[in-house]
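A.B. asks: Sharing a structure with you now.
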Amino acid sequence: MTLTSISLKEFRSYTEASFTFSEGVNVISGPNGTGKTNLLEAIYYTATSKSARGVRDSDLIRFDSPEAELEAALISGGREQTLSVKLRRGARRSFSLNGAALTSPRELMGVLPAVFFDPGDLSLLQGGAGERRAFADAVLCQQRPRYLEALRRYRKLHESKGKLLALAASQPSYLDMLSEYNRSLAETGAVLASYRRPFIEELAPAAGEHHAAISGGRETLELRYQTRAADPAEAFAKMEERRDAELARRQCLVGAHRDDIEAFLDGRPVKGVGSQGQTRTAAVAMKLAARDVLAKTLGEPPLLLLDDVLSELDGSRQKYVLEHISGGQTFITCCEPGKITLSGTNISLGV
């Protein structure tokens, strides 16, 4: 998969701009505030239909505009294709591929897969379990189309059960449906777990190898998948057991939405223990491993988007990252033109 060019209209800080890219490494440089991260986010949104930073679609539209447009030229499946996105305030977004409207963003999956790293990914290891589930979900949705379907179903069931729990206090008749929701959540959660476990089992050794190499063999990264959703019968029984607690707190306390990926550095939890540099190294290792896993499944590497990846890393760690971003199309940002000297395309913003 290769992104050959992208045009932006009224997206984030851009009024209108177009960029052309090389097949290998694309270095995007410029002072802070010149739109480097916004350009990467435009690429990621076009590829995945999601913001890399989890913001609402309306926040991607330039503040004084009613709509934004993205149009990308790419090579996927061995042929040239055009992908267009339109975002509108107060209306549904729309996507088209080669001029034909798509009925759902799900149809984009696999067309232009991508992995994104930004400085906020420190929360991948220092934040809550939701950050790590979101990381796994983002990769799995591009890797396994059926996972995306199961995830969407689980989220709808989870949302509906939450509303039921909130209404049950004033309308006890809603409790008649609670066991059925529990059963459906347990069954769908087990499907998610059946995808998540092998994904983490494949990701963990790859991330460990990258981390060991980046750190010069001084540190060992270990990832473990934690779930109580793998067995639907056990998950259902636990939901029924926690019924009173869920009603009291008006939220779902059991299920795949509480899964986690535990990370250990030299046997100790990264969260709360790792330094800024160590945490960033672990996050970078996980993203590089995600690219490896997707490349193995899809037969070619996904786009690799690296925003300010080198800060907080010492010289030897920076050297490893720069030496291991080849083999696919990469987009990497930095503040100073010429700081990253790699063969490929150099794009300078704000100069």
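The values are calculated or read from the model by the stated rules, or taken from the named source; none is laboratory data. As the structure is a prediction and not an experimental result, all values here were calculated from the model. When we count neighbours, we look across all protein chains shown, and the Cβ atoms used for this are built from the backbone with ideal geometry, even at glycine. When the accessible area is computed, the model is the full protein with side chains, heavy atoms only, and any ligands, DNA or RNA have been set aside. Shrake-Rupley method; radii C 1.70, N 1.55, O 1.52, S 1.80 Å.
A.B. asks: Accessible area of the chain with a 1.4 Å probe: how many percent of it is carbon plus sulfur?
C.D. replies: 47
A.B. asks: Which of the pairs K36/K287; K161/K238; K50/K86; K238/K271 have their Cα atoms more than 22 Å apart in this structure?
C.D. replies: K238/K271
A.B. asks: Then there is this: Calculate, for the stretch 151-287, the solvent-accessible area per residue in square angstrom, rolling a 1.4 angstrom probe over the heavy atoms of the protein chains. Before the final figure, lay out each step's value.
C.D. replies: On the way: 6720 Å² over 137 residues.
Per residue, the stretch 151-287 has an accessible area of 49 Å².
A.B. asks: I'd like the antiparallel share, as a percent to the nearest 5, of DSSP beta bridges with both residues in the chain.
C.D. replies: Numbers: 38 of 55 bridges.
The antiparallel fraction comes to roughly 70 percent.
A.B. asks: Same structure again: Starting from the Cα gyration tensor of the stretch 11-148, take the square roots of the eigenvalues, sort them a ≥ b ≥ c, and report rounded, prolate or oblate (rounded when a/c is under 1.5, otherwise prolate if a/b is larger than b/c, else oblate).
C.D. replies: Note, shape of the stretch 11-148 comes out rounded.
A.B. asks: Would you compute, from DSSP H runs of 4+ residues alone, the mean residue ellipticity of the chain at 222 nm, taking -39500 (n - 2.57) per run and dividing by the full residue count, rounded to the nearest 500?
C.D. replies: Taken over the chain, the calculation gives -13500 deg cm²/dmol.
A.B. asks: Does anything in the stretch 219-244 have its amide N under 14 Å from the 7 Å Cα→Cβ label point of V273, and if so which residues?
C.D. replies: Taking a point 7 Å out along Cα→Cβ of V273, the residues of the stretch 219-244 whose backbone N falls under 14 Å are 219-224.
A.B. asks: Starting from the stretch 20-97, pick out the chymotrypsin sites (Phe, Trp or Tyr not before Pro) whose DSSP state is loop and whose Cβ has at most 12 other Cβ atoms within 10 Å.
C.D. replies: Listed in order of number, the matching sites are F63.
A.B. asks: With only alpha-carbon atoms counted, please give the Rg and Dmax of the stretch 177-319, in Å.
C.D. replies: When restricted to the Cα atoms of the stretch 177-319, Rg and Dmax are 18.8, 59 Å.
A.B. asks: How far is it, in nm, from the label point at S13 to the one at E209 when both lie 7 Å from their Cα along the line to the Cβ?
C.D. replies: 3.8
A.B. asks: Which FRET efficiency, nearest 0.05, do D64 and R93 yield, Cβ-Cβ r, R0 22 Å?
C.D. replies: Once the sixth-power term is evaluated, E becomes 0.70.
A.B. asks: Hey, for a label at S348 modelled as a point 7 Å past Cα toward Cβ, could you say which residues of the stretch 15-51 have their backbone N under 16 Å away?
C.D. replies: The answer is 27-32, 34-36.
A.B. asks: Here is a follow-up. Determine the per residue accessible area of the stretch 1-143 with all protein chains present and a 1.4 angstrom probe, expressed in square angstrom. Spell out each step's value before the answer.
C.D. replies: Details: 5940 Å² over 143 residues.
Averaged over the residues of the stretch 1-143, the accessible area is 42 Å².
A.B. asks: Here is a further query. Given N residues in the stretch 153-226, what is Rg(Cα) / (2.2 N^0.38 Å)?
C.D. replies: The reported ratio for this selection is 1.76.
A.B. asks: Report the trypsin sites (Lys or Arg not before Pro) located in the stretch 259-298 that are in a DSSP loop and have at most 14 other Cβ atoms inside 10 Å of their Cβ, or state none.
C.D. replies: none
A.B. asks: Treat each spin label as a single point 7 Å out from the Cα along the C-beta direction, and report the R146 to E80 distance in nm.
C.D. replies: 3.7
A.B. asks: Relative to the Cα centre, what is the charge dipole magnitude of the chain, using +1 at the beta carbon of each Lys and Arg, -1 at the beta carbon of each Asp and Glu, and rounding to the nearest 20 debye?
C.D. replies: 740
A.B. asks: Separate question: If you fit an axis through the alpha-carbon atoms of helix 232-241 and take the longest principal axis of the Cα set of the chain, what angle between them do you get, 0 to 90°, nearest 10?
C.D. replies: Between the helix axis and the principal axis of the chain, the angle is about 60 degrees.
A.B. asks: What is the helix-to-structure angle for 36-48, meaning the angle in degrees between its Cα long axis and the longest Cα principal axis of the chain, kept from 0 to 90 and rounded to the nearest 10?
C.D. replies: It is inclined by approximately 50 degrees.
A.B. asks: Please work out whether the chain counts as rounded, prolate or oblate from its C-alpha gyration tensor, where a ≥ b ≥ c are the square roots of the eigenvalues and a/c under 1.5 means rounded, while otherwise a/b larger than b/c means prolate and anything else oblate?
C.D. replies: Details: a/c = 1.99, a/b = 1.36, b/c = 1.47.
Verdict is oblate for the chain.
A.B. asks: For R106 and A166, what is the calculated FRET efficiency with R₀ set at 41 Å and r taken between the beta-carbons, to the nearest 0.05?
C.D. replies: Values: r = 29 Å, r/R0 = 0.71.
So the FRET efficiency works out to roughly 0.90.
A.B. asks: Here is a follow-up. What do you get for the angle between helix 129-143 and the principal long axis of the chain? Use alpha-carbon atoms, 0 to 90 degrees, nearest ten.
C.D. replies: Once rounded, the angle reads 70 degrees.
A.B. asks: Would you mind calculating the relative contact order of the chain from Cα pairs under 8 angstrom and at least 6 residues apart, reporting the percent as a whole number?
C.D. replies: RCO, the chain: 26 percent.
A.B. asks: Also: For the stretch 110-142, list residues with backbone N below 16 Å from a point placed 7 Å from the Cα of D260 toward its Cβ?
C.D. replies: The answer is 123-136, whose backbone nitrogens lie closer than 16 Å to the label point.
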